[in-house]
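J.: Starting off with a structure, shown below.
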Amino acid sequence: MGLEDRDALQILQAALDPGPGSDDLIRRFYTHWFALDTHVRDLFPPELAHQRETFRQAMHWVFGEFVAQRAQAPVAFLAQLGRDHRKYGVTQQNYDTMRRAWYTTMRTHLIDDWTAAVDDAAVQAINLISGIMAGAADAEDGPPWWDGTVLEHHRVSRDVAVIRLHLDRPMPYHPGQYVNVQIPQWPRRWRYLSPAMPADPDGFIEFHVRSVLGGMVSNSMVGETRPGDRWRLSSPHGALHVDRDGGDVLMVAGSTGLAPLRAIIMDLCRFGENPRVHLFFGARYPCELYDLRTLWEIAGSNPWLSVSPVSDYPGDPPWAADYPDVQPPRGLHVRQTGQLPAVVSRYGGWGDRQILVCGGPAMVRATRDALVAKGAPADRIQHDPLVG
Ligand SMILES: Cc1cc2nc3c(=O)[nH]c(=O)nc-3n(C[C@H](O)[C@H](O)[C@H](O)COP(=O)(O)OP(=O)(O)OC[C@H]3O[C@@H](n4cnc5c(N)ncnc54)[C@H](O)[C@@H]3O)c2cc1C
């Protein structure tokens with residue numbers, strides 16, 4: 001029966017349900033794998049808690065799809081995972097040891113339920129998972145990563161930096177996509193960033209980074225990055241986009257959540273006619289609306305774009321004087337005071353729009369919920385994965 005045995009697959013999936021049991025299973029899997037293959041340990045960051053939880057969630061979902069006898073989505077997901085893991089330097093041998101470690105750990109963990117049928121399902125599922133990842137990695141002939149040199153680092157506000165790099169070779173991506181980034185100050189701690197401009201054939205790329213309170217990598221990016229630093233970027237992910245035939249657009253950007261929306265807006269500038277785009281750009285203080293001048297320039301020559309600045313507080317803190325003045329000449333909508341979800345949904349649900357929301361996970365969730373409560377169809381609202 002193997003992969004057709006839904007009862008056996010359900011037993012395997014249940015072992016990955018959230019809770020102390022699955023924590024122990026995943027912990028023992030990694031210990032076993034690192035013992036079998038010492039090279040693998042060096043591919044992961046020192047603290048593994050996040051990695052373990054991500055792996056548990058991914059495997060729980062994959063086994064759930066197998067139980068439902070759906071193959072298309074897990075195959076696509078695992079193939080992308082395999083292609084993406086090339087940036088860590090994962091080899092075919094590592095996949096082989098992963099397969100052995102995963103099988104042995106599951107069997108030991110489920111010893112009381114381990115029938116011949118469960119064994120059959122486990123062998124076939126684990127072979128399929130590691131086989132798809134290894135096969136997709138092997139078949140991919142594009143580069144596993146892109147290296148680039150930091151050219152400029154501008155501290156545009158206390159917590160935000162604009163960082164421009166030149167990649168050794170140009171990276172193709174769609175405006176609105178994001179990449180995984182590794183910086184020299186924090187080897188092996190990859191973090192997602194969204195390019196703030198469309199792909200450039202000469203290899204120039206720009207990121208906007210906000211330092212998160214207590215955050216490891218973002219504080220180094222904002223505070224310690226220097227021209228000459230070498231960054232490594234993974235292949236692009238994500239599907240945020242504007243359908244030019246899909247009607248008018250609402251964009252909501254919290255702080256550096258502006259980056260992917262700015263890339264999409266810049267890309268739209270290639271066309272003479274576009275759907276109307278209304279962008280709400282929000283931050284805590286007016287001085288943190290760091291890119292208003294660029295938006296003002298784009299809106300000045302592209303009548304389809306209107307921009308509403310929003311800040312939580314009406315005035316600036318004393319440290320604002322240490323950073324560039326972000327106020328553009330008159331031309332944009334008057335700045336509004338309030339939290340983005342409340343300000344945006346004050347105008348209704350924007351249900352007739354394509355809606356794109358970008359920013360920190362809490363702001364994205366709150367904006368999505370506020371718009372849905374006002375009548376926006378949830379399936380018209382796009383955002384990136386809510387991590388953190
Ligand atoms: C698809 C995607 C695209 C992204 N693009 C950008 C971008 O273009 N520019 C940018 O500045 N950031 C972006 N991020 C966020 C970025 O990847 C990091 O999560 C963030 O910089 C924090 O990393 P850290 O190492 O400093 O914090 P960590 O050490 O990983 O985390 C420290 C603490 O901060 C919390 N935290 C993590 N991220 C956030 C957040 N965004 N808001 C509030 N709390 C958080 C964590 O839960 C944790 O408690 C993006 C994230 C995703 C998922």
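The values are calculated or read from the model by the stated rules, or taken from the named source; none is laboratory data. All figures in this text were calculated on a predicted structure; none of them were measured in a lab. Cβ atoms come from the backbone with ideal geometry, glycine included; neighbour counts cover every protein chain shown.
J.: Considering only the range 1-114, give the helices (runs of 4 or more DSSP H) lying wholly within it that have at least 2 residues that are more than 20 Å from E140 (Cβ to Cβ).
T.: Those helices (runs of 4 or more DSSP H) span 6-14, 20-36, 38-41, 49-67, 92-109.
To keep it simple, each residue is scored yes or no on (1) touching a helix residue (DSSP H, G or I) at 6+ places or on another chain (Cβ under 9 Å); (2) farther than 18 Å from T294 by Cα; (3) of a type outside the set (A, V, I, L, M, F, W, C).
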position	(1), (2), (3)
R164	no, no, yes
Y178	yes, yes, yes
Q185	yes, yes, yes
M197	yes, no, no
P201	no, yes, yes
F207	yes, no, no
S211	yes, yes, yes
N219	no, yes, yes
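J.: Of the residues in the range 187-198, how many are assigned to a loop (DSSP other than H, G, I, E, B), within 11 Å of the ligand (Cβ to nearest atom) and surrounded by fewer than 18 Cβ atoms within 10 Å (Cβ to Cβ)?
T.: 1
J.: Pairs, please: C-beta under 7 Å, at least 6 apart or cross-chain, first residue small (G, A, S) and in the range 254-267, second part of a helix (DSSP H, G or I) and more than 7 Å from the ligand (Cβ to nearest atom)?
T.: If the second residue must be part of a helix (DSSP H, G or I) and more than 7 Å from the ligand (Cβ to nearest atom), the pairs left are G254/L340; G254/M363; S255/E288.
J.: Hey, another quick one. Which condition does L356 not pass, out of (1) surrounded by fewer than 17 Cβ atoms within 10 Å (Cβ to Cβ); (2) within 16 Å of the ligand (Cβ to nearest atom), if it passes all the others?
T.: The one condition L356 does not meet is (1).
J.: Of the residues that sit in the range 269-292 and are among the charged types (D, E, K, R) and surrounded by fewer than 16 Cβ atoms within 10 Å (Cβ to Cβ), which one is nearest to G331 (Cα to Cα)?
T.: R276
J.: Let me ask you something else. Got a sec? Which of D138, D168, D147, D202 is among the acidic types (D, E), modelled with pLDDT under 95 and surrounded by fewer than 20 Cβ atoms within 10 Å (Cβ to Cβ)?
T.: Testing whether each residue is among the acidic types (D, E), modelled with pLDDT under 95 and surrounded by fewer than 20 Cβ atoms within 10 Å (Cβ to Cβ) leaves just D138.
J.: Y285 - would you say it is closer than 18 Å to P260 by Cα and touching a strand residue (DSSP E or B) at 6+ places or on another chain (Cβ under 8 Å)?
T.: The answer is no for Y285.
J.: Let me ask you something else. For the range 1-28, which positions are under 26 Å from the mean Cα position of the chain (by Cα), closer than 14 Å to T108 by Cα and not aliphatic (A, V, I, L, M)?
T.: Within the range 1-28, S22, R27 meet the criteria.
J.: For the range 232-265, enumerate the residues that are assigned to a strand (DSSP E or B), more than 14 Å from the chain's Cα centre (by Cα) and over 20 Å from D159 (Cβ atoms).
T.: Within the range 232-265, R232, V249, L250, M251 qualify.
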